[in-house]
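Chemist: First the structure, then my questions, so here it is.
What follows is calculated from the coordinates using simple rules that are stated; it is not laboratory data. Small disclaimer: the values here were computed from a predicted structure and weren't measured. Here the Cβ positions follow ideal geometry from the backbone for every residue, glycine too, while neighbour counts run over all protein chains shown.
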Amino acid sequence: MKQKKIIQAAKKGPQPEAAPSKAIPTRLPAMALLVLVCVVVYYNMLSNGFAFDDFGSIVNNPYLKQPGQFLASLFNLSYFKVAGLEASYRPVATLSYFLIYCLAGLDPFYYHLLSLVLHALATVLVYRLADAILENHFTALLAGLLFAVHPALTEAVDCISFNDDLLAGIFFLAALLSYIKIKADSAAVGSRNYWLALIFYFLGLLSKEMAITLPAIVVLYDLVLADVGHSPLTVKHLFTTLKKRLTFYAGFAVVSIVYLWLRFFILVTPGGYQQFSYGRLLERIIYLPGHLFSFVKLAIFPYPLSPDYVFSYPNSFLDSSNLIGLAVVTGLIAASFVIYRYSKAISFGIWWFFITLMPVANLIEIYNPIAERYLYIPIIGFCLVVPAAVNGLARKWVSRPRAATTATLIPLVGISFVYAAVSMARNPDWQNNFVLWSKTVRTMPNSPLAHGNLGREYQDQGRFDEAQKQFEIAIGLDPRDFKSYYNLGLVYYQKGDPVRAVQYFKRALAIYPNFFSAHYNLALLYHKQGQLDLAIEHYLKLIAIKPQNFVAHYNLGLAYAMQGKLSPAISQWEIARRIDPQNSAVERDLNKARKILQNSNSPN
């Protein structure tokens, strides 16, 4: 009987695409619903203040108030001076902070509002991509819903200075959607979309380097989803696809090369940025599956959430956590090949997740090997896989289409509801630094960063004993935490113990010799104590680290003048005047020193 039905269906020939569900007649209501969900989930974020890296990138960044210098510096090495805490070239994200500052100053509401708008836009683009890949408005809507509410994305949305992840995600999606449209009948439409794809790709790279995986995703799309012949995943199929689409791939290759040339040869982060090592390259390769498994866990079970995850590789390959990670990641990759015959979308989503994680897989060492914000682009693969898998199982086990739809809807809406509740509960944790780090030391008690940052908050409140305790805990957890040694030195100085302060500043420098703040405070302490040779030594080191620092040159001139060395003092003050021509103090001291020097050289 079943064979007879198959023969009859074959005689009828290919059937036209099914009309969209009556519940969702067009994309517009679905997109409006997703935007509404984003607003509901993140509405309580709008009352938050600044937190975490926001202070370095925005609040304490004086260059935001200098539009001429700021804009000109976006396109040269001065970028790293005006961009606050950015350690790589991300001018699009930096420009977004400047534009909000021009409109609203330092009112955090408008910065958070921009983050909400960007996340809503990214959610709509995820829905559009899922609609193109899953070819089902219903499952595409569920994919967009998962993305809108996923708790692992709260860090990228709640922390303003992580707008680079949101912007990179938006341009990444826009580029891929433009590429997918290239197959339109009109050659003009195809050409326009191709150039749009390249432009969006470049903007994504200038937002954050995570976008570098787009060419691989483009090839993956052509290999898995765009193949009308339903070829098996073989090496021959790969080379055939590459040969067929080589002209298109060339443009992405050129954009990638231009960006990498800018990033590693032209606009390179200046020296002095502290890096940490997390094992040799071989070790990082061997434990790669376990590292990737950390992100898989965050995608599936995003709790507890933290702005800092303590990272280390296992002591042994046979460590249970490593073996579990190896088994899960290997199993998912194997499943992607097996399931390719039945659901290309699921196979595509699995590979999307792992490919887009490669820039943060620590094969090339990075400062933070694990962070929730890294999932902003990879989580799209998860959001494609889950609705497609649940819908596929429902239609396999439930014969009636309406019942299958209900069987898909109930678990996914349930998951989304839980995710939304977790996200809404997480948002207030980002209201300010004190709340954020107080919560983090409870959820991640082994995080030196959390204890150190909480100590800073106690210090700012004048609660020095509590600050001292947090810094000591941080040092106990990480004896190389030079910032906590430095901050402990500040606490002792504020408590009236300059001798202990000097000891801790020196300990910080023993770990990180180019630590500007430690040199600065040691120079000031020695200067005040009249130990001018030691003060001069540290002023010279300050100038070696930051040659254009006004205070270092000016204070060095003062130290030389106190020793009676007026000629070197004048030289330093002349440099300081070139750095800050409007400073009246340096002009006054210069004139005074020149008169003294002139009088001493004049004949009696």
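Chemist: Return the FRET efficiency for the residue pair R480, I579: r is the Cβ-Cβ distance, R0 is 35 Å, and the value is rounded to the nearest 0.05. Mind showing how you got there, number by number?
Modeler: Numbers: r = 34 Å, r/R0 = 0.96.
In this case the efficiency is close to 0.55.
Chemist: Take every Cα-Cα distance within segment 526-604, group them into 10 Å bins from 0 onward, and report for each bin the whole-number percent of pairs it holds.
Modeler: Reading the bins upward from 0: 20, 49, 26, 5, 0.
Chemist: A further question follows. At 7 Å along Cα-to-Cβ for each site, give me the label-to-label distance between L281 and L540 in nm.
Modeler: 3.9
Chemist: Next question. Using only Cα atoms and rounding to the nearest 10 degrees, what angle (0 to 90) does helix 344-357 make with the longest principal axis of the chain?
Modeler: Computed tilt is about 10 degrees.
Chemist: Continuing with this model, one more query. If you put +1 on each Lys and Arg Cβ and -1 on each Asp and Glu Cβ, how big is the dipole of segment 21-427 around its Cα centre, in Debye rounded to 20? Intermediate results must be reported in sequence, preceding the final value.
Modeler: Values: 26 positive and 19 negative charges, 277 e Å.
Taking the Cα centre of segment 21-427 as origin, the dipole is about 1340 debye.
Chemist: Given the -39500 (n - 2.57) contribution per DSSP H run of 4+ residues, what per-residue ellipticity at 222 nm results for the chain, rounded to the nearest 500 deg cm²/dmol? Spell out each step's value before the answer.
Modeler: Working: 29 runs with 407 residues, N = 604.
Taken over the chain, the calculation gives -21500 deg cm²/dmol.
Chemist: Expressed as a fraction of 2.2 N^0.38 Å, the rule-of-thumb size for a compact globular protein of N residues, what is the C-alpha radius of gyration of segment 70-212?
Modeler: Working: Rg = 16.7 Å, N = 143, 2.2 N^0.38 = 14.5 Å.
My calculation over the Cα atoms of segment 70-212 gives 1.15.
Chemist: Between E135 and T406, what's the calculated FRET efficiency when r is the beta-carbon distance and R0 is 22 Å? Round to 0.05. Display every interim value, and only then the final one.
Modeler: Details: r = 21 Å, r/R0 = 0.93.
Calculated transfer efficiency: 0.60.
Chemist: How long is the gain from S47 to D533 if the chain were fully straight, where each residue apart is worth 0.36 nm and the alpha carbon distance is subtracted? Write down the numbers at each step before the final one.
Modeler: Values: separation 486, 0.36 × 486 = 174.96 nm, distance 5.06 nm.
Result for the pair: 169.9 nm of gain on full extension.
Chemist: So how much slack lies between V310 and A425, counting 0.36 nm per residue of separation and subtracting their Cα-Cα distance, in nm?
Modeler: Details: separation 115, 0.36 × 115 = 41.40 nm, distance 2.28 nm.
Length difference between fully extended and current span is 39.1 nm.
Chemist: Still on this structure, I have one more. Give the shape of segment 448-514 as rounded, prolate or oblate, defined through the alpha-carbon gyration tensor: a ≥ b ≥ c are the square roots of its eigenvalues, a/c under 1.5 means rounded, and otherwise the shape is prolate if a/b is larger than b/c and oblate if not.
Modeler: Oblate is the answer for segment 448-514, as a/c is 1.5 or above yet b/c matches or exceeds a/b.
Chemist: What ranking, highest mean first, results for peptides 400-411, 29-40 when packing means the other Cβ atoms within 10 Å averaged over each residue?
Modeler: Going from most to least packed, we get 29-40, 400-411.
Chemist: Which is farthest toward the positive dipole end of segment 21-427 among L46, Y313, L146, measuring Cα position about the Cα centre, with Cβ charges +1 (Lys, Arg) and -1 (Asp, Glu)?
Modeler: After comparing all options, I get L146.
Chemist: Let me ask something additional. Using alpha carbons only, how many degrees (0 to 90, rounded to 10) separate the axis of helix 288-300 from the longest principal axis of the chain?
Modeler: Taking Cα atoms only, the helix is inclined about 70 degrees.
Chemist: Ok, one more. Assuming R0 = 56 Å, can you tell me the calculated FRET efficiency for the pair N591 and S191, based on Cβ-Cβ distance, to the nearest 0.05?
Modeler: Numbers: r = 66 Å, r/R0 = 1.18.
Efficiency, rounded to the nearest 0.05: 0.25.
Chemist: For a quick protection proxy, order the peptides 445-452, 491-498 by their average other-Cβ count within 10 Å, most packed first. Present the calculation step by step, with values, prior to reporting the outcome.
Modeler: Working: 445-452: 21.8, 491-498: 15.9.
With the highest mean Cβ count within 10 Å placed first, the list reads 445-452, 491-498.
Chemist: If you don't mind, another one. Compute the length gained on full extension between L238 and D497: take 0.36 nm times their separation in residues and subtract their Cα-Cα distance, giving the result in nm to one decimal. Present the calculation step by step, with values, prior to reporting the outcome.
Modeler: Values: separation 259, 0.36 × 259 = 93.24 nm, distance 6.84 nm.
Using 0.36 nm per residue and subtracting the Cα-Cα distance, I get 86.4 nm.
Chemist: Also, quick follow-up: Going down the table (K81/K546; K506/K541; K541/K592; K181/K243; K565/K592), which pairs top 22 Å between alpha carbons?
Modeler: Numbers: K81/K546 10 Å; K506/K541 14 Å; K541/K592 27 Å; K181/K243 20 Å; K565/K592 13 Å.
Correct reply: K541/K592.
Chemist: For a label point 7 angstrom out from the Cα of Q563 toward its Cβ, which stretches of segment 488-508 have the backbone nitrogen within less than 20 Å?
Modeler: none
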